[in-house]
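The values are calculated or read from the model by the stated rules, or taken from the named source; none is laboratory data. What you see is a predicted model; the values in this text were computed from it and never measured. Ideal geometry is used to build each Cβ from the backbone, glycine not excepted, and the neighbour counts take in all protein chains shown.
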Amino acid sequence: MLTKRNIILRDLGDGLSMRRSSAEDADALSEFNGMIHSEDEADRLRLIAWTRDLLTRPHPTFHADDFILVEESSSGRIVSSLNLIPQTWSYEGIEFGVGRPELVGTLPEYRGRGLIRAQFEEIHKWCVARGLPVQIITGIPYFYRQFGYEMALDFVGRRFGYEANVPKLKDGEAEKYAVRPASKTDLPFISSVYDQAVQRHMVRCVRTLEIFEYEVTVQDVNAINRFETHVIESAAGEPLGYLQHSNYLGQTGLTAIWYELKPGVSWLDVTPSVIRYLWNKGQEYARRGGKECTSFGFMGGADHPVYRALGRDLPSVREPYAYQVRVPDLPGFLNHIRPALEKRLAGSIAIGHSREIKVSFYREGLRIVIENGKLTTIEEWMPSPQEEGDIAFPDRTFLQMLFGYRSYDELHAAFADCWCNTEEVRVLMNILFPKKLSDVYPIA
Ligand SMILES: CC(C)(COP(=O)(O)OP(=O)(O)OC[C@H]1O[C@@H](n2cnc3c(N)ncnc32)[C@H](O)[C@@H]1OP(=O)(O)O)[C@@H](O)C(=O)NCCC(=O)NCCS
């Protein structure tokens, strides 16, 4: 059994030590996270429930020792902590491991002493050991750049409508589609609809049946990231899609985290019933919490079928924020997704092409060799004043292109030190790394 003694990772000096968590930490760590991360009392209780879930309930990918904590050796008081939630994502369908740091926090009086930096160094080692080549975090702006991250992938765009945008049923008209709570037997259907829906996206989070089961049957109903999961069905009881939303109001109303329909079902036809459901549920939550609900929304990323179905009836747009992404072994990752890159070449005007591309990141770089449309070499390469390469990206900005977040032209417009000296290379790089839609919701 893991005890506090055998999970100590490092003595940090100044009477502080860093160690891994165990289920015994559930009370102290949930109080700590509730205090550090909450905006109000309801939020605090939801953060407590989430931390307790992670430490005490069986999670598909997270174990009770996947938090790190820094504590005062004398008193045992937690002064800083974070965790790593492992998961699987895919790039054009090619799966890869992802480490997601979360619940990153330090007591105010201990901030600015490098305690988070030390814990990040540690979890980055875990990622190597566990085969998680990419790390992502949905964090505060800028901070994680200091640990090797780049803002390089869309994160949760939303659109909202208001009471005037809620379609009314005519007198005597019955609701054509029902929204009812999902049970365990609905999960294979929901998971297959999810798998179909995310084909729209270049980067996807793999949500296995086990993960849906965790969300529906294991998570504490009060956890901050728990969704109510519903099936949308026809009057005859045929399942057509699913809907997930929180069981509390956001700033102004209730937002669907997921709303997806199976292929062959009209979004125009089903969506009015879904909006009425969301609106009524939002009013119910408002009455329960003594709040006002003035909007309904969909968290569909930058683009989603429901946005097109509703058009001007979703008048408010909240553009996506960005994941901060780290790929410490870029040649390794590019070699892993090579089949996807070769498929892009094969489907392009550069089919069967051959050419070497030297990509400069100024202090390091990549050499990519294309032979008859195959990527025969992707390796580290070092630029020099004598050999500056064919295309250059400052710092880690290339990650924005790799994850389809920005095009070469957008990066070139934003950074004067992003350049390309041959049109052939610019064309090839745009084919290899096109700007493409992603809307990934991670495992929590
Ligand atoms: C953000 C937070 C986690 C930083 O914790 P910390 O223990 O002070 O972090 P570290 O000391 O390891 O910071 C590493 C570096 O970042 C700097 N830094 C600290 N907070 C920063 C911030 N908000 N933005 C930019 N840099 C910051 C530190 O000064 C330090 O710089 P140095 O290495 O040059 O000395 C802490 O302020 C906190 O708990 N905030 C409230 C909760 C929160 O916002 N968590 C993040 C959620 S994503």
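Going through segment 188-234 one residue at a time, which ones are in a helix (DSSP H, G or I), β-branched (V, I, T) and within 30 Å of Y405 (Cβ to Cβ)?
We begin by selecting, within segment 188-234, every residue in a helix (DSSP H, G or I); these are 188-200, 209-218.
Imposing the further condition that a residue be β-branched (V, I, T) reduces the set to 190, 193, 198, 211, 216-218.
If the condition is that a residue be in a helix (DSSP H, G or I), β-branched (V, I, T) and within 30 Å of Y405 (Cβ to Cβ), then I190, V193, V198, I211 are the ones that fit.
Quick one: how many residues across segment 153-187 are away from the ligand (no atom under 16 Å from the Cβ) and either outside any loop (DSSP other than H, G, I, E, B) or of a type in the set (S, T, N, Q) (or both)?
Within segment 153-187, the subset away from the ligand (no atom under 16 Å from the Cβ) is 154, 157-187.
Keeping just the survivors that are either outside any loop (DSSP other than H, G, I, E, B) or of a type in the set (S, T, N, Q) (or both) gives 154, 158-165, 177-181, 183-187.
Selection size over segment 153-187: 19.
Can you spot a residue in segment 163-185 that is modelled with pLDDT of 95 or more, under 22 Å from the mean Cα position of the chain (by Cα) and closer than 18 Å to Y307 by Cα?
no
Six or more apart or on different chains, Cβ under 6 Å: which pairs go from a residue in segment 150-177 that's among the hydroxyl-bearing types (S, T, Y) to one that's buried (at least 20 other Cβ atoms within 10 Å of the Cβ)? Could you list them?
Qualifying pairs under 6 Å: Y162/S295; Y177/I232; Y177/V270.
Which one of these does G112 not meet: (1) over 21 Å from the mean Cα position of the chain (by Cα); (2) in a helix (DSSP H, G or I)?
It is condition (2) that G112 fails.
Does V104 qualify as being more than 16 Å from the ligand (Cβ to nearest atom), surrounded by 14 or more Cβ atoms within 10 Å (Cβ to Cβ) and either of a type in the set (A, V, I, L, M) or more than 18 Å from the chain's Cα centre (by Cα) (or both)?
It is false that V104 is more than 16 Å from the ligand (Cβ to nearest atom), surrounded by 14 or more Cβ atoms within 10 Å (Cβ to Cβ) and either of a type in the set (A, V, I, L, M) or more than 18 Å from the chain's Cα centre (by Cα) (or both).
Can you pull out every residue in segment 126-137 that is surrounded by 15 or more Cβ atoms within 10 Å (Cβ to Cβ) and either at pLDDT below 95 or not polar (S, T, N, Q) (or both)?
Applying the first criterion (surrounded by 15 or more Cβ atoms within 10 Å (Cβ to Cβ)) to segment 126-137 yields 126-127, 132-137.
Hits for segment 126-137 are W126, C127, L132, P133, V134, I136, I137.
Against the condition among the small types (G, A, S) and at pLDDT 95 or above, how does S30 come out, does it pass? Quick ask: steps written out before the conclusion?
Numbers: among the small types (G, A, S): yes; at pLDDT 95 or above: yes.
Criteria met by S30.
Can you tell me which residue among S74, S17, S90, S81 is touching a residue at least 40 places away in the same chain (Cβ under 8 Å), assigned to a loop (DSSP other than H, G, I, E, B) and hydroxyl-bearing (S, T, Y)? Working first, answer last.
On the way: S17 fails: assigned to a loop (DSSP other than H, G, I, E, B); S90 fails: assigned to a loop (DSSP other than H, G, I, E, B); S81 fails: assigned to a loop (DSSP other than H, G, I, E, B).
Result: S74 is the single residue among S74, S17, S90, S81 that is touching a residue at least 40 places away in the same chain (Cβ under 8 Å), assigned to a loop (DSSP other than H, G, I, E, B) and hydroxyl-bearing (S, T, Y).
I'd like the residue in segment 138-152 that is surrounded by 12 or more Cβ atoms within 10 Å (Cβ to Cβ) and under 28 Å from F296 (Cα atoms) and, out of all such residues, is nearest to the ligand (Cβ to nearest atom).
Residues of segment 138-152 that are surrounded by 12 or more Cβ atoms within 10 Å (Cβ to Cβ), as a first pass: 138-139, 143-145, 147-152.
Adding the requirement that they be under 28 Å from F296 (Cα atoms) leaves 138-139.
Working: T138: 7, G139: 3 Å.
Top of the filtered list is G139.
Please work out which residue is nearest to the chain's Cα centre (by Cα), limiting yourself to segment 116-128 and to residues that are more than 16 Å from the ligand (Cβ to nearest atom), closer than 19 Å to L330 by Cβ and among the hydrophobic types (A, V, I, L, M, F, W, C). Spell out how you get there, then give the answer.
Restricting attention to segment 116-128, the residues satisfying the condition of being more than 16 Å from the ligand (Cβ to nearest atom) are 125-128.
With closer than 19 Å to L330 by Cβ added as a condition, the list becomes 125, 127-128.
Next, from what is left, pick out any that are among the hydrophobic types (A, V, I, L, M, F, W, C): 127-128.
Values: C127: 17, V128: 20 Å.
Residue satisfying both the conditions and the ranking: C127.
Could you tell me how many of the residues in segment 243-264 are of a type outside the set (A, V, I, L, M, F, W, C), closer than 20 Å to E284 by Cα and more than 18 Å from the chain's Cα centre (by Cα)?
Residues flagged as of a type outside the set (A, V, I, L, M, F, W, C), closer than 20 Å to E284 by Cα and more than 18 Å from the chain's Cα centre (by Cα) within segment 243-264 amount to 6.
Which members of segment 312-339 meet the condition of being part of a loop (DSSP other than H, G, I, E, B) and over 23 Å from C127 (Cβ atoms)? Talk me through it step by step, then tell me what you get.
Let us first name the residues in segment 312-339 that are part of a loop (DSSP other than H, G, I, E, B), namely 314-315, 319-320, 327-329, 337.
L314, P315, E319, P320, listed by residue number.
Only residues that are away from the ligand (no atom under 16 Å from the Cβ) and hydroxyl-bearing (S, T, Y): list them for segment 71-101, please. Quick ask: steps written out before the conclusion?
Let us first name the residues in segment 71-101 that are away from the ligand (no atom under 16 Å from the Cβ), namely 73-76, 86-98.
Correct list: S73, S74, S75, T88, S90, Y91.
From the residues in segment 250-286 that are polar (S, T, N, Q), touching a residue at least 12 places away in the same chain (Cβ under 8 Å) and within 21 Å of P305 (Cβ to Cβ), which one is surrounded by the fewest Cβ atoms within 10 Å (Cβ to Cβ)? Lay out the reasoning, then the answer.
Going through segment 250-286, the residues polar (S, T, N, Q) turn out to be 251-252, 255, 266, 271, 273, 280, 283.
Narrowing further to those that are touching a residue at least 12 places away in the same chain (Cβ under 8 Å): 252, 255, 271, 273.
Next, only the ones that are within 21 Å of P305 (Cβ to Cβ) stay: 255, 271, 273.
On the way: T255: 24, T271: 22, S273: 17.
Within segment 250-286, the match that is surrounded by the fewest Cβ atoms within 10 Å (Cβ to Cβ) is S273.
Identify, from the list D395, D390, D439, the residue that is surrounded by fewer than 15 Cβ atoms within 10 Å (Cβ to Cβ) and either at pLDDT 95 or above or in contact with a strand residue (DSSP E or B) (Cβ under 9 Å, 6 or more places away or on another chain) (or both). Explain how you work it out, then say what you get.
Details: D390 fails: surrounded by fewer than 15 Cβ atoms within 10 Å (Cβ to Cβ); D439 fails: surrounded by fewer than 15 Cβ atoms within 10 Å (Cβ to Cβ).
Of D395, D390, D439, the one residue that is surrounded by fewer than 15 Cβ atoms within 10 Å (Cβ to Cβ) and either at pLDDT 95 or above or in contact with a strand residue (DSSP E or B) (Cβ under 9 Å, 6 or more places away or on another chain) (or both) is D395.
Please go through segment 258-284 and give me each residue that is closer than 24 Å to C205 by Cα and part of a helix (DSSP H, G or I), ordered by number.
W267
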